[in-house]
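Everything below concerns the one structure shown next.
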Amino acid sequence: MEPVMPVLSEAIRAKSLLRANLESSSSYLRSRMPNIKVFSGTSHPDLAQRIVDRLGIDLGKVVTKKFSNLETCVEIGESVRGEDVYIVQSGSGEINDNLMELLIMINACKIASASRVTAVIPCFPYARQDKKDKSRAPISAKLVANMLSVAGADHIITMDLHASQIQGFFDIPVDNLYAEPAVLKWIRENIPEWRNSIIVSPDAGGAKRVTSIADRLNVEFALIHKERKKANEVAAMVLVGDVKDRIAILVDDMADTCGTICHAAEKLLEAGATKVYAILTHGIFSGPAISRINNACFEAVVVTNTIPQEQHMKDCPRIQCIDVSMMFAEAVRRTHNGESVSYLFSNVPY
């Protein structure tokens, strides 16, 4: 009969050799994992700084300037070869300049051999031009998607797209984060009688967003049907739902000139609402928006900091800001580590 001991020792030796090989290959992979670099465009440096503070890293060195003929010039001030690069640039302020700057930064990193370039675009530019609503109308959101892809972006992280189908304009992964978890947290902490509230959508397009929030809070919802004569002008409004003796919370993805939400607030008070709050993801506040809010009957107009809000908050004391930098920071961290981002769709990271 053959001795068993030599066979066992051979098996143990083979097993330990295999383990050593696996460990050396995994340590090799870890050493090959690209490091992370976060760069900021000029549109929202405060948000980018908050993101890197949360991640515990430094903001990448980049110099952006304009030539005398107003061409944009970008100089990346450190090596990005083999790195995992994230560029934070929001669609606010001088939108066309900021978009061009983002495209140039993506391309500069790509041709400098970055292993992956992710554009973090808190407020996606041209998102409202997402369909042919009349003859000869452009679909500019699709054009922006093509431009980002051609510039060399490998991944997009954004928040509350005007229409979630915009994700389909890209052939690269798009993570569309939601402000909803942060909004729910704000409502529960800042509106004492939120259980007697009703969530209202100022247009039919936002009905899905509003029903989701109403379900999570276990309250009712209403919506306002509006007819537009032309862009940025609202003609007639019809309220569908009962708001009498309740706190009305208007929820929308963005407010530009604020004509819609101010008309909606008047309509809600006429219908018997006790108080009116407005919660908006992207507070663009262009043109007469600030004066309209100052003259309207809101308890508070709550926005997130996907767009810089410091000046708006100085000009209008009713505007309050929810910080969403931790959601973007967590999305960046999870993407870099190859983890799932879906946790952020229903939870606020602490």
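The single condition among (1) under 18 Å from V52 (Cβ atoms); (2) touching a Pro at 6+ places or on another chain (Cβ under 7 Å) that C109 does not satisfy is (2). Annotation note: of T118, T64, the sole residue that is over 20 Å from Q167 (Cα atoms) and of a type in the set (V, I, T) is T64.
Matching residues to (1) touching a helix residue (DSSP H, G or I) at 6+ places or on another chain (Cβ under 9 Å); (2) among the aliphatic types (A, V, I, L, M); (3) over 21 Å from I95 (Cβ atoms):
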| residue | (1), (2), (3) |
| --- | --- |
| A265 | no, yes, yes |
| L280 | yes, yes, no |
| I284 | no, yes, no |
| A289 | yes, yes, no |
| N295 | yes, no, yes |
| V302 | yes, yes, yes |
| I319 | yes, yes, no |
| I322 | yes, yes, yes |
| R334 | yes, no, yes |
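One residue stands out in the range 238-267 among those that are open to solvent by less than 20 Å² (accessible area, probe 1.4 Å) and of a type in the set (D, E): the one that is nearest to E227 (Cα to Cα), namely D252. For the range 89-121, filtering for residues that are touching a Phe, Trp or Tyr at 6+ places or on another chain (Cβ under 7 Å), more than 12 Å from A151 (Cβ to Cβ) and at pLDDT 95 or above leaves 2. Condition first: open to solvent by 70 Å² or more (accessible area, probe 1.4 Å), in contact (Cβ under 8 Å) with a residue 12 or more places away in the chain, under 15 Å from F170 (Cβ atoms) and part of a loop (DSSP other than H, G, I, E, B). Can you find one or more residues in the range 115-133 that meet it? Yes, the range 115-133 contains at least one residue that is open to solvent by 70 Å² or more (accessible area, probe 1.4 Å), in contact (Cβ under 8 Å) with a residue 12 or more places away in the chain, under 15 Å from F170 (Cβ atoms) and part of a loop (DSSP other than H, G, I, E, B).
Scanning the range 152-174 for residues that are more than 18 Å from R128 (Cα to Cα) and of a type in the set (D, E) turns up D154, D171. Can you spot a residue in the range 86-102 that is among the small types (G, A, S), more than 21 Å from T42 (Cα to Cα) and either open to solvent by 60 Å² or more (accessible area, probe 1.4 Å) or out of contact with any helix residue (DSSP H, G or I) (no Cβ under 6 Å at 6 or more places or on another chain) (or both)? Within the range 86-102 (the criterion being among the small types (G, A, S), more than 21 Å from T42 (Cα to Cα) and either open to solvent by 60 Å² or more (accessible area, probe 1.4 Å) or out of contact with any helix residue (DSSP H, G or I) (no Cβ under 6 Å at 6 or more places or on another chain) (or both)), the answer is no, since none of the residues qualifies. The condition of being open to solvent by 30 Å² or more (accessible area, probe 1.4 Å) and within 21 Å of P317 (Cβ to Cβ) holds for only one of E270, E220, E189, that being E189. Among residues of the range 134-144 being out of contact with any Asp or Glu (no Cβ under 9 Å at 6 or more places or on another chain) and of a type outside the set (K, R), the one that is surrounded by the most Cβ atoms within 10 Å (Cβ to Cβ) is V144. Residues in the range 148-179 that are of a type outside the set (A, V, I, L, M, F, W, C) and open to solvent by less than 30 Å² (accessible area, probe 1.4 Å): 5 in all. Among residues that are among the hydrophobic types (A, V, I, L, M, F, W, C) and assigned to a loop (DSSP other than H, G, I, E, B), I172 is included.
Within the range 175-221, restricting attention to residues that are within 17 Å of the chain's Cα centre (by Cα) and part of a loop (DSSP other than H, G, I, E, B), the residue that is farthest from A145 (Cα to Cα) is A179.
The values are calculated or read from the model by the stated rules, or taken from the named source; none is laboratory data. Here the structure is a predicted model, which means the values were calculated and not measured. In this analysis, Cβ positions are derived from the backbone assuming ideal geometry, glycine residues included, and neighbour counts consider all displayed protein chains. These accessible areas exclude ligands, DNA and RNA; they are computed on the full protein's heavy atoms, side chains included. Shrake-Rupley method; radii C 1.70, N 1.55, O 1.52, S 1.80 Å.
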